[in-house]
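Q: Provided herewith is a single structure, encoded as structure tokens, for subsequent inquiry.
Only the coordinates and a few stated rules stand behind these numbers; no lab work does. What you see is a predicted model; the values in this text were computed from it and never measured. Please note: Cβ atoms are built from the backbone with ideal geometry, for glycine as well, and neighbour counts cover all protein chains shown.
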Amino acid sequence: MDCSADHEKARNQPTGETRDGLEGMIWVELRQCFDPEIPLNIVDLGLVYDVSVHDGQANVKMTLTSPGCHLGGQIASNVQERLLAIDAIQEANVELVWDPPWHQSMISPNGRKTLGLETV
């Protein structure tokens, strides 16, 4: 499954402030989830490809910085726990996808600045 369009959609509006209602709350929670090896949230890292919500069910498509990431289960569990903490969410599904593969160009401008990757 090609998630390129989904990733582009997520990248274009990654902050809770630009989303309305429940979806906005989900994006705010996703910004509280971090890759334990990188001091940046998963949204700014560009790991979240798509978010959808319907009838109390949140679905997140995301990737990891590497298919061999040994912390993938921990990150996905953290995402699911955060989403289930939202009162209006009764079910939270996190799908790890590998297409498109993650690369540094997916990091948001704010994330690049935080990591010192911003070019002067």
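Q: Using the 10 angstrom Cβ neighbour count as an exposure proxy, how do E29, E95 rank, fewest first?
A: Lowest to highest Cβ neighbour count: E95, E29.
Q: Report the Stokes-Einstein translational diffusion coefficient (µm² s⁻¹, integer) for the range 75-120, Rh taken as the Kirkwood radius over Cα pairs, at 20 °C with viscosity 1.002 mPa s.
A: 162 µm²/s
Q: Multiplying the sequence separation of S52 and E37 by 0.36 nm and subtracting their Cα-Cα distance, what value in nm do you get?
A: Extending this stretch completely gives an extra 2.7 nm.
Q: Let me ask you something else. Can you tell me the FRET efficiency between N59 and L117 if r is taken as the Cβ-Cβ distance and R0 is 35 Å, rounded to the nearest 0.05?
A: It comes to 0.70.
Q: A further question on this structure: What full-extension length gain, to one decimal in nm, is calculated for L22 and L71 as 0.36 nm per residue of separation minus the Cα-Cα distance?
A: So the chain would gain 14.9 nm between L22 and L71.
Q: Which translational diffusion coefficient, to the nearest whole µm²/s, is obtained for the range 16-120 from the Stokes-Einstein equation, given a Kirkwood hydrodynamic radius over C-alpha pairs, 37 °C and 0.692 mPa s?
A: My calculation gives 234 µm²/s for D.
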